[in-house]
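The values are calculated or read from the model by the stated rules, or taken from the named source; none is laboratory data. Bear in mind that the values here come from a model prediction, so they are computed numbers and not experimental data. As a convention, Cβ positions derive from the backbone with ideal geometry for all residues, glycine included, and neighbour counts pool all protein chains shown. Surface accessibility is based on the protein's heavy atoms, side chains included, excluding ligands, DNA and RNA. Shrake-Rupley method; radii C 1.70, N 1.55, O 1.52, S 1.80 Å.
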Amino acid sequence: MIPAAFDLLDADRRHVWHPYTQHGTADSPITISRAEGAYLYDDSGRGIFDAISSWWVTLHGHAQVEIATAIAEQARTLEQVMFAGFTHEPAVRLAEALAARAPAELTRVFFSDDGSTAVEVALKIALQYSRHRGEPRRLIVALENAYHGDTFGAMSVSARGLFTEPFAEHLFEVARLPDPVGHDVPAALESLIRSRGRDIAAVIVEPMLLGAGGMRVWSADALRAVREITRRHGIVLIADEVLTGFGRTGPLFACEHAGISPDLMCLSKGITGGFVPFAATLATDTLFDAFRSTDRKRTLFHGHSYTANPIACAAALASLALLDERSAERRRAIERSHTDAAVGLSALPRVENVRVLGTMLAMELVATDRGYLSAIGPALRSFALERGVLLRPLGDTVYLLPPYCSTTADLQRAYDVIAEFAEAR
Ligand SMILES: Cc1ncc(COP(=O)(O)O)c(C=O)c1O
């Protein structure tokens, strides 16, 4: 008997719940059957330039052979072992490699699964650390317009709004600093410390770039000042580099723009080059040592089934090896291309506030309805897809965050699509 043809979209419609998708209004999803370099290919073989690195994860390019090979080899050797009471070479080598490349004071690595869990781990370390110091502090300070993930702790420190509103009463209290774009965050932090200083366990920031909050670029000087103030007051500084890590903003980590070393750093997304879910929370010796004790109650009681999964570690090691001088030159080339394009884009009538930070280019499109639910976002997304470019605007904010293998021609195609859309409106 010949099996019935598999109607993938029909089965998807009947069984799958997609992320950030209103199934009552969404178009049918596009079936992607393979990917290579900067391109996704749909089931008809049509190439789509992945100008946003598939939610900011694809670092070097899709299906990069070195990472694929490392994964296959590791899967045949040791695919998984629990990480309490056991260790393995890929995890130890990766921890060593991350510590060697991260800002100087970050020497310890706690592995988890995604950006949100990397943030949860950081928050728990910071809160428990204050207890170990004998002065329990309960307050976390976060930025307005921040985005740190979708789990409860991560939602609590993220900006309150559309995404978090249904859960508002279950989120813990956070003190807010103003959006760093256009506001004096160091002054606001000093003022907050004057009133509630002894209660503050940690300040969490997305260094240099508020990502999902609208690709908002803030200053290295302000970041440096926040580091200086938190250090002076014995407050833990958490740098959430889930988006900015691994070269997205130019240097390997965004903290390098300000020459700072935070107490905790969250990494995920590009950590495996975009191949498998994985994350790490890096910590200083000071934090780690505050948990090291003969008292078992001082343990960090946190872990995940797949903590330090060997396949993910092998992928991350292979990805790190690709972050060499050639990769740095590719990132510089993307930044030069963005900077040149910014001139033309800025001159367009309905384009505002064009900005570039490393491989990130962003701008606002003037729309009658602003914010995340602005109709202009889905309109541009469809317009670009029809022209073979994947964009996913954050409301009226359009951005590019391409894989590092993207060519000038690929990038030009994306700039042209945005310009054509802006001019047609
Ligand atoms: C800065 C930042 N932190 C945390 C997260 C959450 O990461 P994940 O979606 O992997 O849970 C994101 C995701 O976009 C992010 O941009």
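A few comments on the model shown:
- Candidates ALA91, ALA154, ALA95, ALA126, filtered to the one that is of a type in the set (A, V, I, L, M, F, W, C), touching a Gly at 6+ places or on another chain (Cβ under 9 Å) and either modelled with pLDDT of 95 or more or within 16 Å of the ligand (Cβ to nearest atom) (or both): ALA154
- If the condition is being surrounded by fewer than 23 Cβ atoms within 10 Å (Cβ to Cβ), closer than 27 Å to THR244 by Cβ and of a type outside the set (A, V, I, L, M), then region 368-393 contributes ARG370, GLY371, TYR372, SER374, GLY377, PRO378, ARG381, ARG392.
- Residue match in region 316-337 (condition: within 23 Å of TRP218 (Cα to Cα) and either loosely packed, with under 15 Cβ neighbours inside 10 Å or free of Cβ contacts under 8 Å to residues at least 60 places away in the same chain (or both)): yes
- Hey, LEU139 within 15 Å of the ligand (Cβ to nearest atom) and open to solvent by less than 50 Å² (accessible area, probe 1.4 Å) or not: no
- Candidate set: region 157-173, residues that are among the aromatic types (Phe, Trp, Tyr) and within 16 Å of the ligand (Cβ to nearest atom); chosen: the one surrounded by the fewest Cβ atoms within 10 Å (Cβ to Cβ): PHE167
- Residue match in region 400-409 (condition: in a helix (DSSP H, G or I), under 22 Å from SER53 (Cβ atoms) and open to solvent by 20 Å² or more (accessible area, probe 1.4 Å)): yes
- Leading residue by the ranking (nearest to the ligand (Cβ to nearest atom)) among those in region 57-69 that are open to solvent by less than 20 Å² (accessible area, probe 1.4 Å) and among the hydrophobic types (A, V, I, L, M, F, W, C): LEU59
- Restricting region 257-272 to residues that are assigned to a strand (DSSP E or B) and within 14 Å of the chain's Cα centre (by Cα), the residue that is farthest from the ligand (Cβ to nearest atom): MET265
- Sub-6 Å Cβ pairs linking a first residue in region 268-292 that is within 23 Å of ILE67 (Cα to Cα) and open to solvent by 60 Å² or more (accessible area, probe 1.4 Å) to a second residue that is within 11 Å of the ligand (Cβ to nearest atom) and of a type in the set (D, E, K, R), at least 6 apart or interchain, are PRO277/ASP113; PRO277/ASP114, ordered by first then second residue.
- The residues listed here are ALA212, ALA254, ALA222, ALA239; of these, the one that is within 12 Å of the ligand (Cβ to nearest atom) and open to solvent by 10 Å² or more (accessible area, probe 1.4 Å) is ALA212.
- Candidates are the residues of region 73-130 that are in contact with a Ser or Thr (Cβ under 8 Å, 6 or more places away or on another chain) and among the aromatic types (Phe, Trp, Tyr); the one that is surrounded by the most Cβ atoms within 10 Å (Cβ to Cβ) is PHE111.
- Residue list for region 187-230, restricted to those being of a type in the set (Ser, Thr, Tyr) and part of a helix (DSSP H, G or I): SER191, SER195, THR230
- Unmet criterion (only one of (1) in contact with a strand residue (DSSP E or B) (Cβ under 8 Å, 6 or more places away or on another chain); (2) open to solvent by less than 40 Å² (accessible area, probe 1.4 Å); (3) at pLDDT 95 or above) for ASP396: (3)
- Residue match in region 19-34 (condition: in contact (Cβ under 8 Å) with a residue 24 or more places away in the chain and outside any loop (DSSP other than H, G, I, E, B)): yes
- All conditions in (1) within 15 Å of the ligand (Cβ to nearest atom); (2) at positive phi hold for ASP114, with the sole exception of (2).
- Output for region 340-370, where each listed residue is in contact with an Asp or Glu (Cβ under 7 Å, 6 or more places away or on another chain) and closer than 11 Å to ASP396 by Cβ: GLU352, ASN353, MET363, GLU364, LEU365, VAL366, ALA367, ARG370
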